[in-house]
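Novice: Quick one: structure below, then a few questions.
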Amino acid sequence: MSKDVSTQNASAPPSLDEATNLRQQVRASGMDPNYWYAVEEARNVKPGQVVEVVFWKQPIALYRSEDGAFHALDNRCAHRQVKLSIGQVSGCDLVCEYHGWRYDSSGRLVHMPDTFARSEPLRVSIRSYPVQVRYGLVWLFPGDPELASERELPEIPEITNPEDGEKPWGTVRVAFTCAAHHSMIIDNVSDLSHAFLHRRYRPFDRADLTHLETRGDNVHMTYESHVGRGRISSRFVDHKRLDTDHIELCYEYPYQWSNTSDEIKHWLFVLPIDEQTTRMFFIFYFKSFKVPALPIRLPRPVMRAVLKIADRTMITPLLRQDRVAVEAEQEGYNRHWSQRPLEVNPAVREMQQVTVRKWQGHLDREAAKNGTSTETRVSLNGNSTDNGAASAPTSNESAAEPAALADQSAAS
Ligand code: FES
Ligand SMILES: [Fe+2]
């Protein structure tokens, strides 16, 4: 059998500096660490356990002390760089498995079993990270700890404290790791033109983009689409009362959400692990379902039971389809990254621009901190651009797009 090698790349995909178009840039970009990132479901780490989580190639030991509190330290012992995630939790401390050096939750070395005639342990510390638990998820702040208290987590009052004495909405939570870049996942969940992939479940059936607007770091979009038209799901959605012909979505950097008629919503929190791996935490939440064939709301306990079934029979299988598709896209990109990007949805390009701009802003700030701010980076149009601190957009700024980013080929 003859093999088509003519369009394959022998080398790995380009780095950010080597990238020659927006798609290559975004697939090489990380995410700004100065945000809170969901790193694990709280229920997966029991008191006394330690696990490794990774934020953009940076291994972190996440552990839970006996009192139930979560703590996070760099996943390396200061002694010989052994991973602390193979160690043990003792009280509120983490003990390295090799020689038993013990760290408190601030990362300070507090005990060495064998001090070689020292009266006290060496004065060393490893990095600790701010951690909090919300919505059943453990959140970690991988960036500048001083910014952690300023940066808010998304509010989801519908599932914590609904208005008007309403009961918390019904939720479905799904978490999994996907062998694809985080931008492919954000593209996937925000670009409804892949209704074909879900033709069996029909969560949405067409994608006319009627509104697209980037405000600061957030890309808002509205599609005209028929939501919840599956054979079974459509019976539980009150299509008469709700406007299920429109869906609003937003890439609210670094998170993503959707809203249908203020009653069907989701949030997606991504954890970027590396260029080809992303962990995803979805929370889907629903205000009410109706009794099939009747205009009556399902009682909450029944709705919870229906959601359990819906998760197993529709939501998780549907997300599996997305996962297969984006993992195939990653494989395709690894082989054919030099192919001309053909993008038909303008929303995808806007989201990719935000991702690249935020990542470049982070790199520029790091370079300024390290005194390398005079470095020049070659832009996509071949000109050198000064990426010094003065030009770095801050995380709250809505910086003008670098001209280089506007250079993506688009099919029309
Ligand atoms: S490597 Fe951790 S105590 Fe020696
Ligand atoms: Fe999908």
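Novice: Suppose a student asked you for the relative contact order of the chain, using Cα pairs under 8 Å spaced at least 6 residues apart; what percent would you report?
Specialist: Computed value for the chain: 17 percent relative contact order.
Novice: When the dipole is taken about the Cα centre of the range 142-226, and only Lys, Arg (+1) and Asp, Glu (-1) are charged at their Cβ, what size is it in debye, to the nearest 20?
Specialist: With only Lys, Arg, Asp and Glu charged at Cβ, the dipole is about 700 debye.
Novice: Whole-Hz ³J(HN,Hα) for each residue in the range 325-336, computed from phi via Karplus 6.51 cos²θ - 1.76 cosθ + 1.60 with θ = phi - 60°, x for glycine and proline: what do you get?
Specialist: 5, 6, 5, 5, 5, 4, 4, x, 5, 4, 8, 10
Novice: Using only the C-alpha atoms of the chain, find the volume of their convex hull and express it per residue in Å³.
Specialist: Taking the convex hull of the Cα positions in the chain, it is 188 Å³ per residue.
Novice: Cα-Cα pairs above 14 Å in the range 106-155: how many percent? Kindly include the intermediate steps, with their values, before the conclusion.
Specialist: Working: 778 of 1225 pairs.
Taking all Cα-Cα pairs of the range 106-155, the fraction more than 14 Å apart is 64 percent.
Novice: In whole Hz, with x marking every Gly and Pro, tabulate ³J(HN,Hα) for the range 103-113 from phi via Karplus 6.51 cos²θ - 1.76 cosθ + 1.60, θ = phi - 60°.
Specialist: Each residue of the range 103-113 in turn: 10, 7, 6, 8, x, 7, 6, 10, 7, 10, x Hz.
Novice: Just order 253-263, 8-18 by mean Cβ neighbour count inside 10 Å, highest at the front, would you?
Specialist: 253-263, 8-18
Novice: Would you mind computing, in nm to one decimal, how far apart the modelled labels at Gln339 and Thr372 are, each placed 7 Å from Cα along Cα→Cβ?
Specialist: In this crude label model, Gln339 to Thr372 measures out at 3.4 nm.
Since every read-out is calculated from the coordinates, none of them should be taken as a lab result. Quantities reported herein were computed from a predicted structural model and do not represent experimental measurements. Because the Cβ atoms are built from the backbone with ideal geometry, glycine has one as well, and the counts that use them run over all protein chains shown.
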